[in-house]
Structures are given as C-alpha cells and as structure tokens.
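A short worksheet on the structure shown next.
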Amino acid sequence: MIKNICCIGAGYVGGPTMAVIAYKCPEIQVTVVDKNISRINAWNTKNFSNLPIYEPGLDEIVKRCRGKNLHFSEDLEENIKKADMIFISVNTPTKKYGIGAGKASDLKYVESCARQVANYATGHTIVIEKSTLPVRTAEAIKAILESSRNHIRQKGDSITFDVLSNPEFLAEGSAINDLINPERVLIGGEDEESINKLCNIYSRWVSKDKILKTNIWSSELAKLTANAFLAQRISSINSIGAICEATGADIREVAKAIGSDSRIGSKFLDAGPGFGGSCFKKDILNLVYLAEYFGLPEVAAFWNSVVSVNNWHQHRISRIITRKLFGSLSNKKIVILGFAFKANTNDTRESAAINISKDLLNERAFLHIHDPKVDPNQIAIELDMPQNDKDDSKVLSEEGCWYFVNDIYEAAKEADAILVTTEWELYSSLDWRKISKVMRKPSWVFDSRSILNSKEVKASGLNFWRIGDGYE
Ligand code: UDX
Ligand code: ADP
C-alpha cells in the first residue's frame, strides 16, 4: 500500500497533478517539493486566488486538501526519505549548449533529482518519470539509482528502486478536467507489482480500461509522439490558411469540411497565430534530435518542418500587419489583446504573442498589451524589454516600446490597430462601435484567433483582417 507520495517539481504539471491525486486519494499523504522556495511559499499562500499557477478549479481542490493530505515543502531530504513513491516532475528545457544544443532536452534537472533520490531514499521506492523525456531516459535514471544502491548495500542496508514512466497528457487551462476525466493514463515499466501499485492509485477515479500498460520505451515515445502529432495538425492547418488567404478560400470552411471525415477528426484544426506552450516545440525538437542521433535524417527533416512552418507563420502575421499599415509602424499605436499562449492560462512560454510583438517592436511600434491573467513583469522578461514608464502614446520613440493596459477602451484611444493574439472570451464581446470612435483612422482590427464577429467589426467602420480568410 502506498502511504506517502513525494513529487519533485511544483510546476504546471506537478502542482495540479498532485492536487488531484490528493483529492481523489484522501488516505495518501502527498507532498510536493521544489528547490524554488518562493514557488513553495506561493503554493502555501493564504489567498487561494494567488496560487503560482492559474488553472480553473485548482484553487478549490487545493483549498480542500492543503494541510490535510496535500503539502508543499522545500524539504526534499525529509520528504524523499519517507516516500514510497516519487514523481519526477521537473522542467526539461531544450539544451542551449554542447552536443544537441537547440534540439535535445537538457536533462540536468532530471539527473539532479535522480541523485537526490539516490541519496535520501529509504526502503523500496517507486520512481516515476512524469516529465516528458527522451526515449531511454529511464535507463539513465536507473543507472544513477543503481549506483547508489550498490554503495549503500555495502553498508548493509536494503534500498531498492523501480522506475516507471507515466507521462502527463494534461493541457493547460483544462488541467483539472483532464486529470479528473483523462482519455487515457499511460504507465510504462517492467515490474508488474510497481505498475499495479500506480494503477491502483489511478483506478480510484479512472476506469481500468483507460489505463494503458506498455513497456517503458513505448511510454516515453508515445508522449513525444502525441505532442508531435498535435503540433503537426496546427502547422498543417496554418499552412493551408495561408493558401486560403491567397486564393479566396476560408480556412474555417475547409477545416469543417475535412474535420467531418472521422479519419481526420474535427479537433485541433483551429487556425491561429501558431502554436505556443512549453511542450510542442521542445518535444518536436527532441524528436528531431533523436531521429538525427539514430541516423534517420529524413524523419528529422519531416518533424523539423512542423517547427519551421510555425516560426514562419508567426512572422507572416507581423508582416501582414506592417504591410496593411502602409509598411511602417514607427510611432504607430497597436493594441495587443492577449499575451498568454492560449486562453485560460497565465503561461506565456513560447506564446505566439512574443514573436509577433518583437517583430512589431522592431518596426518601432508602440504596443499597448492587455491580458487578463499575465503579469506585466513576465511580459517584460519575454520581450527582453522593460515596460515603458509613461502611458503616453504621443511619446515619440526611436525604438519600439510597450505598455501594459487594464482598460481596453482606454488603450484603443488613437490606436492604429488592434490585434487579437489570445482567444480570451472577453475579447469576443467588445463594443466595436465604442472602440471605432476613438481609434485613429484608417484603423485596423486583426483577428488571428477567429473569435470576433466580422460583420460587427466591419459595420463599426473598421478595416478587418482575419486569419485564413480569403474573402477579406
Ligand atoms: C499540450 C498538449 O495538448 C497536452 O496533451 C500536453 O500534455 C502538453 O502540451 P498545452 O501546451 O497546454 O498542451 O496546450 P494545447 O491546448 O495543446 O495548445 C497548444 C498550442 O496550440 C496553443 O498555443 C494553442 O493556442 C494552439 N492551438 C491549439 C491552435 O492554434 N489550434 C488548435 O486547434 C489547437
Ligand atoms: P512543468 O511545466 O514541466 O511542470 P515548470 O517549469 O512549471 O515545468 O516546473 C518545474 C519545477 O521543477 C520548477 O518549479 C523547478 O524549480 C523545479 N525543479 C527543477 N529541478 C529541481 C530539483 N532538482 N529539485 C527540486 N525542484 C526542482
């Protein structure tokens, strides 16, 4: 029986996943540890609306379980010691140096976790890879754990480990629902007893037919492949969107027509500003690296094109905006609606808004950026540029600059263009007549998410461009 779970990494995956396990298994003590003390403090905040991650429904679950069987702690040693099961849920960014730079996953955080587990674990411990990892990482984790076991054995202790792969398929913004009602749970491993122990935890709320058991390498590869396939659909639909704009077709109609073929399916066919988020680009690059490593250059080129089309597509949008505004954005005011990589999250990692904003800033635009959940400090980090300290659109700037705004109607005053980058619901119910009255003419609205009512926007006297719409 599993009594104590420890999860290393209190991030977007570890935090919500452990909250749901604690919620569904009240007899198990679940502790999430992280070396980042301020993150742990934020998880322990008194005000549940200030948790470090915004995820619908998460605050309610944390409120119910925290202090009872869900704990957030910086004490790795103590919590690793008492755990029967340890989830490794740390970040695996793309490597920036040395062999595999720009493609391979940097496993330094995973390795350091394995060493910490090796140092502190007692008795038998099941170690679970929750982070998305390259195929055969479990081998490296095992090697580190085994070496410590040999060392400790000499002292006469009996310390044993089993390594399982249990990748997470949750999507941000719907994480709690994805965790409570998963389409499948994947468990890869060799030791049947350990697999069954993990299976027994999930089967508290997931039906057994949805729990898939595979060998460990298939499980690691399935996670990378799932993300690669999803990202591929987005690059595919965005590439066809560009053809729509050139030919007079409409990407929404094309997507509907192809999506009603059950072999293709209708999900993940929304043309947009290009995929963002912490996983897609990183996981595909990882796959590209693996293919190159195993001597499969054609496979590598195939998957690499998914990322390069995504990059091209984001820059294509900023080029369209520049062209429509007469080829120069110098001192023009552009309102950016949304900085998160998608709606219902405060996560900005790899958001399309970053590349597009940077391009517009390069053209010396004055950006007024709005997002209901993203912290302006985070925007400054992503743009690598501090916020302009004056809300004065008349300030003549030699370089582009940006300002964070809370009031969209105020921001629209004297603006030349408005660009929707994130599909937040509030943007679909704006009063375009009111906005049109205060913008500088000729004014443009660019909808890269297809969430605005085009008739309404056009009827307000605004020029309108929509992604993949060749009618315009
Ligand atoms: C993704 C996977 O969906 C999830 O299974 C995995 O565990 C982690 O990576 P996430 O990054 O949270 O989840 O976001 P997702 O909803 O998949 O969206 C990724 C990006 O694609 C976003 O920028 C989104 O706006 C974009 N997208 C998605 C589209 O442009 N069109 C679509 O039809 C769907
Ligand atoms: P993800 O989206 O995969 O959850 P995040 O970056 O949101 O990734 O979270 C990963 C967390 O893991 C971070 O809070 C980081 O501080 C933590 N972390 C990384 N390495 C270690 C480690 N060796 N020990 C403890 N925590 C770690």
Legend entry - Number of positions in the stretch 169-183 that are surrounded by 23 or more Cβ atoms within 10 Å (Cβ to Cβ) and either under 15 Å from the mean Cα position of the chain (by Cα) or closer than 18 Å to His124 by Cβ (or both): 2
Legend entry - Members of the stretch 113-127 that are surrounded by fewer than 19 Cβ atoms within 10 Å (Cβ to Cβ) and under 24 Å from the mean Cα position of the chain (by Cα): none
Inset, instruction - Check the stretch 399-413 and report whether any residue there is away from ligand 1 (no atom under 16 Å from the Cβ), modelled with pLDDT under 95 and assigned to a loop (DSSP other than H, G, I, E, B). - result: yes
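Listed residues Phe294, Phe275, Phe268, Phe302; which is farther than 27 Å from Ala255 by Cβ and not assigned by TED's automatic domain parsing to the domain that holds Pro167?
Working: Phe275 fails: farther than 27 Å from Ala255 by Cβ; Phe268 fails: farther than 27 Å from Ala255 by Cβ; Phe302 fails: farther than 27 Å from Ala255 by Cβ.
Going through Phe294, Phe275, Phe268, Phe302 in turn, the sole match is Phe294.
Do you know which residues across the stretch 209-235 are over 29 Å from Ala300 (Cβ atoms) and surrounded by 15 or more Cβ atoms within 10 Å (Cβ to Cβ)? Talk me through it step by step, then tell me what you get.
Within the stretch 209-235, the first condition is being over 29 Å from Ala300 (Cβ atoms), and the residues that meet it are 209-211, 213.
The answer is Ile211, Lys213.
What do you reckon, is Asn310 within 17 Å of the chain's Cα centre (by Cα), within 16 Å of ligand 2 (Cβ to nearest atom), assigned by TED's automatic domain parsing to the domain that holds Leu224 and closer than 25 Å to Val135 by Cα? Step through it out loud before you land on a result.
Numbers: within 17 Å of the chain's Cα centre (by Cα): yes; within 16 Å of ligand 2 (Cβ to nearest atom): no; assigned by TED's automatic domain parsing to the domain that holds Leu224: yes; closer than 25 Å to Val135 by Cα: yes.
Here the answer is no, as Asn310 does not meet what is asked.
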Inset, instruction - Answer yes or no as to whether Glu139 is closer than 19 Å to Lys282 by Cα and of a type in the set (D, E, K, R). - result: no
Inset, instruction - Scan the stretch 90-100 for residues that are more than 11 Å from ligand 2 (Cβ to nearest atom) and in a loop (DSSP other than H, G, I, E, B) and jot them down. - result: Lys95, Lys96, Tyr97, Gly98, Ile99, Gly100
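When you scan the stretch 46-76, how many residues do you find that are among the hydroxyl-bearing types (Ser, Thr, Tyr) and closer than 21 Å to Thr348 by Cβ?
Narrowing the stretch 46-76 to residues among the hydroxyl-bearing types (Ser, Thr, Tyr): 49, 54, 73.
From what's left, closer than 21 Å to Thr348 by Cβ: 49, 54.
Selection size over the stretch 46-76: 2.
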Legend entry - Selection within the stretch 408-427 - exposed (fewer than 14 other Cβ atoms within 10 Å of the Cβ) and among the hydroxyl-bearing types (Ser, Thr, Tyr): Tyr409
Legend entry - Looking only at the stretch 61-89, and only at residues there that are surrounded by 24 or more Cβ atoms within 10 Å (Cβ to Cβ) and part of a loop (DSSP other than H, G, I, E, B), the one that is farthest from ligand 1 (Cβ to nearest atom): Ala83
Legend entry - The one condition in (1) of a type in the set (Val, Ile, Thr); (2) buried (at least 20 other Cβ atoms within 10 Å of the Cβ); (3) more than 23 Å from Trp303 (Cβ to Cβ) that Val206 fails to fulfil: (2)
Legend entry - Residue check, Asn238 assigned to a helix (DSSP H, G or I), within 16 Å of ligand 2 (Cβ to nearest atom), buried (at least 19 other Cβ atoms within 10 Å of the Cβ) and at pLDDT 95 or above: no
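Return yes when Ser148 is hydroxyl-bearing (Ser, Thr, Tyr) and surrounded by fewer than 21 Cβ atoms within 10 Å (Cβ to Cβ) and no when it is not.
Values: hydroxyl-bearing (Ser, Thr, Tyr): yes; surrounded by fewer than 21 Cβ atoms within 10 Å (Cβ to Cβ): yes.
The answer is yes for Ser148.
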Inset, instruction - Answer yes if at least one residue in the stretch 135-152 is within 16 Å of ligand 1 (Cβ to nearest atom), assigned by TED's automatic domain parsing to the domain that holds Ala10 and touching a residue at least 60 places away in the same chain (Cβ under 8 Å), and no otherwise. - result: no
Inset, instruction - Specify which of the listed residues (Leu361, Leu329, Leu337) is at pLDDT 95 or above, closer than 13 Å to Asp416 by Cβ and in the same structural domain as Ile418 (by TED's automatic domain parsing). - result: Leu329
Inset, instruction - Tell me which of these Phe275 doesn't satisfy, since it passes every other one: (1) among the aromatic types (Phe, Trp, Tyr); (2) within 16 Å of ligand 2 (Cβ to nearest atom); (3) surrounded by fewer than 20 Cβ atoms within 10 Å (Cβ to Cβ). - result: (3)
Inset, instruction - Scan the stretch 327-372 for residues that are more than 16 Å from ligand 2 (Cβ to nearest atom), part of a loop (DSSP other than H, G, I, E, B) and under 26 Å from the mean Cα position of the chain (by Cα) and jot them down. - result: Gly338, Phe339, Ala343, Asp371, Pro372
Legend entry - Residue identified as closer than 26 Å to Phe294 by Cβ and either within 13 Å of ligand 2 (Cβ to nearest atom) or surrounded by fewer than 18 Cβ atoms within 10 Å (Cβ to Cβ) (or both) among Lys130, Lys103: Lys130
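Among the residues of the stretch 288-307, which ones are part of a helix (DSSP H, G or I) and small (Gly, Ala, Ser)? Steps first, answer last, please.
Going through the stretch 288-307, the residues part of a helix (DSSP H, G or I) turn out to be 288-293, 297-307.
Across the stretch 288-307, the qualifying residues are Ala291, Ala300, Ala301, Ser305.
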Inset, instruction - Identify the residue in the stretch 188-219 that is in contact (Cβ under 8 Å) with a residue 60 or more places away in the chain and aromatic (Phe, Trp, Tyr) and, among all such residues, is farthest from Ala138 (Cα to Cα). - result: Trp205
Inset, instruction - With the checklist (1) within 16 Å of ligand 2 (Cβ to nearest atom); (2) in contact with a helix residue (DSSP H, G or I) (Cβ under 9 Å, 6 or more places away or on another chain); (3) outside any helix (DSSP H, G or I); (4) in contact (Cβ under 8 Å) with a residue 40 or more places away in the chain in hand, flag the one item Ala171 doesn't pass. - result: (4)
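The values are calculated or read from the model by the stated rules, or taken from the named source; none is laboratory data. Here the structure is a predicted model, which means the values were calculated and not measured. Positions of Cβ are generated from backbone atoms using ideal geometry, with glycine treated the same way; all protein chains shown enter the neighbour counts.
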